[in-house]
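The values are calculated or read from the model by the stated rules, or taken from the named source; none is laboratory data. Quick caveat: nothing in here was measured; it's all calculated off a predicted structure. Quick reminder, even Gly has a Cβ in these numbers, built from the backbone with ideal geometry, and neighbours come from all protein chains shown. Side chains included, ligands, DNA and RNA excluded: accessible areas come from the protein's heavy atoms. Shrake-Rupley method; radii C 1.70, N 1.55, O 1.52, S 1.80 Å.
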Amino acid sequence: MSYHIKSLEDITAEFNTGSGGIHPASVPERQKQYGRNLLVIKKKKTFLQMLFGQLTDFMIIILIVASVVSGFIGEMTDAYVIIAIVIINTVIGLLQERNAEHALEALEKIVITKASVIRNGETIEIPASELLPGDLVVMEAGNIIPADLRFIEVHALKVDESSLTGESSNVSKITASLPHGDYPLGDRINLGYNGTMVTSGRGTAYVVATGMKTEIGRIASMIQQGNTRTPLQLRLDAFSKRLTIAILLLCIVFFFIGILRGGPWSIVLLTAISLAVAAIPEALPAVSTIVLARGARQLVKQNVLVRKLPAVETLGSITYICSDKTGTLTMNKMEVTELYEPDLGAGYNHYLPGKNLLLTAMALNTDVVSNQHGELTGESTELGLAQFAAAQHYNRSALEKELPRIAELPFDPSRRCMTTLHGTSDGVIAFVKGSVEVLLEKLAHHQDSERSFFQEKANKMASQGYRVLGYAVKRINTHLSNINIGEVEQELTFIGIAAMMDPTREEAKEAIAQCKAAGVTAVMITGDHKLTATSVAERLGIISSEKDLVLEGHELRQLSEQQFMERVEHIRVYARVNPDQKLRIIKALRERHQFIAMTGDGVNDAPALRNADIGIAMGRTGTEVAKEAAHMILLDDNFATIVKAIRQGRRIFDNILKFIKYIMTGNTGEIATLFVASLAGLPIPLLPVHILWVNLLTDGLPGLALSSEPAEENIMQRNPRDPRQGIFSTALTRHIIFYGLLTGAVTLLMQIYTIAHHDSAWQTMTFSVLCFSQLSHLLAIKSGAKSFFQTNHFANKPMMAAIAVTIAAQLMVIYVPGCNAIFKTQPLSLYEMTLVIVFSLVIFAVVEIEKLLRYCFNRSASKR
């Protein structure tokens, strides 16, 4: 849309309109051409469609099959547990899918219902949905702009566009056409955007775009683009498919081997089916959900509200954080950091004897007011100036008792300055605030020789990223009735410069350093200008070398996809960018196999938040649209909180991996035990009830307790996990195979030893070794690097309690007479139980020896 460049004459001609608005007779034809002024939202999925989508997930199908098989072989408890897991996961999935549609509902709420228009010279009120391009809209303070507009008349009209552009300052509107050029949304100061609010003044404007053709309509289109799946979802999906196929093949082979060996087909079939049910980790979805839910609860204590559970783990895979500047990396308040006051000489004491002219001007030339609590309130820039002056004991309310304001020339973009006039005992004094460049053109001749010096001072401050404002004064020795307003801002005396900045958050600087140590790249995306953005990025450490690039929105627009792809990983700051460019940034980084977190607070950020791998909205300053589109919300709007969440995400994924390592090693041990026994001609070492009991007992509470395991000490000193990498890394696969086979070997050795010694309790002992070996493995892997004896055993109290309950349950099966009949077990003597414990601890001992050898090797390598 180039209506900011077109002349008003061209616009009136294009839309066949004028100062009297459109003629009512043209309305039907325009409605056919342009349609209604409404956002078009894609048809939402029905409940049954969403339910079908959840139930056709591969892992859910496997769980349903597992529950049917469990019921078939008479294990109704397992069947009920599995069905419960399916129901829980389906409900959670439905809730998450429903949340994805809330962003669009919040966007629809922005659209207002009424608009005041001039048609055929008559002012009428119509539903906003009936607005048409060419309509002449009347706007005043407090109105929400109902469509995209081009202003034709303004009277001190300002608009809050922060929800759309991300800039906190209200924008003063003009009517003149802008010179040809590339303008971001925030610089198109003769346009008004649908959904933004007029904060002061009044004006009229032509409607130039309605419905989906407006900027907010374009955002609605981008929000409706598809969601991305999280790393955990992708990895678990691939993992479950491969695992299930492998287990089913193994069980088929096991069945035929058993039949060929002459075993009763019914027993062999039940054993094979039991093995399949036991080997499939049906608890994995439940454990994952519980781990994520616990992580979400813990994140709330750290000011992170999780809206979509998978986002908790997703943070652990993040390689890029694209962060907004204002309020997230900075304090979102303007502070005066430097002043320059020229030496006016003794001859100027008569202006205001005994007072500092610059501080007086900073206090009086402002619209900041005190609220009922005595706190200063107002626009952020003026507030910063007034607070600085007040800190030096120059307070507006006190000064105005002596120097009452008698007139004001509000800020105007064409004049680029603001003037207030104050009465004195012998006339009027005018204080002028505005662009230094503009003020220097209005100076009296006595400062001609100093103009270049003043400009040099201002340029130096601006080059450091400061926002620079100049102040000037004029003494008017006459009464107000004789003042020529047009001459007030001429023949001025320059009295100083105020340099301002939005101070950076100290904790953000430390957080960015932690990101670098963790292999996460921080990128700033802001609506600010290039100099300011670069200065802030350098102070925070986002820019730390010459290779780190800064790119403005208009420069990005000129790059081809190939050129941008080559540079994207070197760009650390994006300034003056539009919403569609944020999506382009996400797409380019994803093409480079990066995983992106995007922060935002405005309506303009919603498409990026929804389409990023993880969208993070601001809780304090964020719009409802941004919050609904995001995966999580920062309750304190603080970048440092994101780093805390990344740590939590990594801990959660680590614990899910530990659970997979634990459960798959146990399942591999069970499979190895049965397979090798069949091939070696040994009696079937475990009955179906034993397999299902071990599966239920060891996969349950102990596995869930791993979710409470504290983070490893080096968790933020390692690079993010590659999002393209599956769950099974080489090290994890090697561990599962080796220790699974070792568990099977230890279990079979117990079987062979006890049969050789004619011990009638051989099957009970074999069964118990398999159970306790898995518990000893759990204790050994609770820390990936530290020895068990170096860890705080009670840092994870749920795990110790779960192990105690599991041991008690297994002892009950062995020693309670009623259980002996059900589980085909018999009580063990002290010698037999000691033997079981010794065999079971083999796994623990080998894992501990491996950790020690790895530690010695790493220490030796570091000394080289």
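The residue pairs whose first member lies in segment 434-447 and is over 16 Å from M461 (Cβ atoms), whose second member is open to solvent by 30 Å² or more (accessible area, probe 1.4 Å) and in a helix (DSSP H, G or I), and whose beta carbons are closer than 8 Å, counting only pairs six or more residues apart or on different chains, are L443/R451.
So is S452 farther than 17 Å from E335 by Cβ and loosely packed, with under 15 Cβ neighbours inside 10 Å or not? So S452 fits the description; yes.
For segment 422-430, the condition of being under 30 Å from A176 (Cα atoms) and touching a Phe, Trp or Tyr at 6+ places or on another chain (Cβ under 7 Å) holds for none of the residues. Candidates are the residues of segment 587-612 that are touching a strand residue (DSSP E or B) at 6+ places or on another chain (Cβ under 7 Å) and closer than 18 Å to T165 by Cα; the one that is most open to solvent (accessible area, probe 1.4 Å) is D601. Checking the structure you have, find out if any residue of segment 560-571 is in contact (Cβ under 8 Å) with a residue 60 or more places away in the chain and either β-branched (V, I, T) or over 28 Å from T314 (Cα atoms) (or both). No, there is no match, as no residue in segment 560-571 is in contact (Cβ under 8 Å) with a residue 60 or more places away in the chain and either β-branched (V, I, T) or over 28 Å from T314 (Cα atoms) (or both). The number of residues in segment 475-512 being open to solvent by less than 60 Å² (accessible area, probe 1.4 Å), modelled with pLDDT of 85 or more and not in a strand (DSSP E or B) comes to 8.
Checking each residue in segment 782-792 for being free of Cβ contacts under 8 Å to residues at least 12 places away in the same chain and open to solvent by less than 50 Å² (accessible area, probe 1.4 Å) picks out only T791. Based on what the data block shows, is F772 modelled with pLDDT of 90 or more, open to solvent by 30 Å² or more (accessible area, probe 1.4 Å) and among the aromatic types (F, W, Y)? In short, no.
Of all residues in segment 312-350, those satisfying the criterion of being touching a Leu at 6+ places or on another chain (Cβ under 9 Å), modelled with pLDDT under 90 and open to solvent by 20 Å² or more (accessible area, probe 1.4 Å) are K333, M334, L344, Y348. Quick one: is A462 touching a strand residue (DSSP E or B) at 6+ places or on another chain (Cβ under 9 Å) and either crowded, with 21+ Cβ neighbours inside 10 Å or in a strand (DSSP E or B) (or both)? Judged against the criteria, A462 is not a match. Against the numbered list (1) out of contact with any strand residue (DSSP E or B) (no Cβ under 6 Å at 6 or more places or on another chain); (2) open to solvent by 20 Å² or more (accessible area, probe 1.4 Å), Q581 comes up short only at (2).
Figure legend. Inter-residue proximity from segment 144-164: first residues closer than 20 Å to G622 by Cβ, second residues of a type in the set (S, T, N, Q) and part of a strand (DSSP E or B), beta-carbon distance below 8 Å, spacing 6+ or different chains. Indicated pairs: V159/T199; D160/T199. Among helices (runs of 4 or more DSSP H) entirely within segment 566-648, having at least 2 residues that are modelled with pLDDT of 90 or more and within 12 Å of the chain's Cα centre (by Cα) singles out no element at all. Within segment 685-710, the residues that satisfy the criterion of being under 33 Å from the mean Cα position of the chain (by Cα) and outside any helix (DSSP H, G or I) are G700, E709, P710. Has segment 795-815 got any residue that is in a helix (DSSP H, G or I), touching a residue at least 12 places away in the same chain (Cβ under 8 Å), charged (D, E, K, R) and farther than 27 Å from G681 by Cβ? Among the residues of segment 795-815, at least one is in a helix (DSSP H, G or I), touching a residue at least 12 places away in the same chain (Cβ under 8 Å), charged (D, E, K, R) and farther than 27 Å from G681 by Cβ, which makes the answer yes.
Within segment 513-534, being touching a Phe, Trp or Tyr at 6+ places or on another chain (Cβ under 7 Å) and either in a helix (DSSP H, G or I) or open to solvent by 10 Å² or more (accessible area, probe 1.4 Å) (or both) holds for one residue alone: T521. Take the conditions (1) among the aliphatic types (A, V, I, L, M); (2) open to solvent by less than 10 Å² (accessible area, probe 1.4 Å); (3) over 28 Å from E507 (Cβ atoms); (4) touching a Ser or Thr at 6+ places or on another chain (Cβ under 7 Å); L634 misses just one of them, which is (3).
Those residues that are open to solvent by less than 30 Å² (accessible area, probe 1.4 Å) and not in a loop (DSSP other than H, G, I, E, B), I need them from segment 553-565; list them, please. Passing the criteria: G553, L556, F564.
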